Structure formats: C-alpha cells, structure tokens
Amino acid sequence: MTTETRALPDDVQMRLLQAKDVTELCGAYNRNREHLAPWEPVRADNFYTDVGQAVSIATKLNRLATGVDFPCVLVAAERVVGTITLSDIVRGAFLNAHVGYWVDRDFIGRGIGSAAVEAVLDVARTELGLHRIQAATLSHNVPSQAVLEHAGFQKIGFAPKYLKIAGSWQDHTLYQRILF
C-alpha cells in the first residue's frame, strides 16, 4: 500500500503517512487538541509544533521501515482528518498488531472511523499477513467501542489501569479481531 490510497466515506482517503505530512498533521492535532485530550496521553506542547510532528513522523516512518508499525493518515481535500495505525506488529507464531485511530471532530458520525478500521484490517490480512488485531478503548469510550464492534471485533477482557490517558491510569476494555 505504499502508493495506494483507499476510499472512505465523504471523499476521505486512507494512505500511508509521509514525511511531507508534517504541517497538515500538526494542523490536525491543533484543531483537535481539546477533542482528543480525554482519549490520549498528555502531550508536551512541542508535540503540537511542526518540529514535534517532524520528529514523531520520522519515528513512525522508521518503525514502518523496520516492519513494526503501519501508520496511515486519513485525508479529505488535502487536509489530514485523522490517523489509523497498526502498531507493535509481531511476526512468528503470533502475527499480531494493535490498532489505534482517531477522527477529526468535524468528521465524527459519518462512518469514517468504521471504514478506516475495515480498510486497515484488509491491509493487515492481505498485505501484511497478520492473523489477529487487538484494540483497547477506555471503558467509557462507547463510540470507539461501537466502531470496533461494527468491524467485527469481539470483547475479550477488561484491563484495570491499563494506560495513562489524560494524566491518569485508566481502565480499558480489550478487543480482538481474528482475520483468518
């Protein structure tokens, strides 16, 4: 999928993250800073700058090159409106990855998150040869849970104080999708 894009609802495209996405991704995070704050780790102010995004993108592209991550952006009218990433890809007997995603506040409720998850699951199965995808949502993040359940994920557990989100260790609901 290095040059391919995948069409999603509302003329949104999913494609691999590129080094040239610095300014657009920085703008997307700044537009959505308040919207994302309850769902993400606390970020240093530098994260919301072009320099911070250049460092973040370079790290993600290095992880892509080594086969550990598969980072994508969601783009509408040449503007980044979200991200979706397969991370911590494990080969061997496990063939597993985690999926994480977010959608711009102005694009919520249009089926873009669900379509992006379906598209990245297809890549995981057909191009990356993965067997299982795992996801974790904050236990009170019902919209994200609905996205996962719509994409065929099954709830597999509860993890107390799983991740430090919005400055505190928070409980998560765990999901998985078996691809083959």
Filter the stretch 56-77 down to the residues that are assigned to a helix (DSSP H, G or I) and either at pLDDT below 95 or touching a helix residue (DSSP H, G or I) at 6+ places or on another chain (Cβ under 8 Å) (or both) and list them by number.
S56, I57, A58, L61
If you go through the stretch 118-135 one residue at a time, do you hit one that is aliphatic (A, V, I, L, M), in contact with a Ser or Thr (Cβ under 7 Å, 6 or more places away or on another chain) and farther than 19 Å from A28 by Cβ?
no
What's the number of the condition D104 fails, among (1) over 26 Å from C26 (Cβ atoms); (2) within 16 Å of the chain's Cα centre (by Cα); (3) not aliphatic (A, V, I, L, M)?
(1)
Could you count how many residues in the stretch 29-51 are touching a Phe, Trp or Tyr at 6+ places or on another chain (Cβ under 9 Å) and either open to solvent by less than 50 Å² (accessible area, probe 1.4 Å) or not aromatic (F, W, Y) (or both)?
10
Being more than 26 Å from D11 (Cα to Cα) and out of contact with any helix residue (DSSP H, G or I) (no Cβ under 6 Å at 6 or more places or on another chain) is the requirement here; does A93 meet it?
yes
Going by what's in this entry, would V99 be described as in a strand (DSSP E or B), crowded, with 21+ Cβ neighbours inside 10 Å and out of contact with any Phe, Trp or Tyr (no Cβ under 8 Å at 6 or more places or on another chain)?
yes
From the option list F70, F94, single residue qualifying as surrounded by fewer than 18 Cβ atoms within 10 Å (Cβ to Cβ), aromatic (F, W, Y) and within 28 Å of Y175 (Cβ to Cβ) is F94
If you go through the stretch 7-19 one residue at a time, do you hit one that is open to solvent by less than 30 Å² (accessible area, probe 1.4 Å), in a helix (DSSP H, G or I) and modelled with pLDDT of 95 or more?
no
Where a residue in the stretch 103-130 is touching a residue at least 40 places away in the same chain (Cβ under 8 Å) and over 13 Å from R177 (Cα atoms) and its partner, wherever it lies, is among the basic types (K, R) and not in a helix (DSSP H, G or I), with Cβ under 6 Å and at least six apart:
A119/R6
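The values are calculated or read from the model by the stated rules, or taken from the named source; none is laboratory data. Quick caveat, the model's predicted, so the values are computed rather than measured. For neighbour counting, all protein chains shown are included, and Cβ atoms are generated from backbone atoms with ideal geometry for every residue, glycine included. Ligands, DNA and RNA are excluded from the accessible area calculation, which covers all protein heavy atoms including side chains. Shrake-Rupley method; radii C 1.70, N 1.55, O 1.52, S 1.80 Å.
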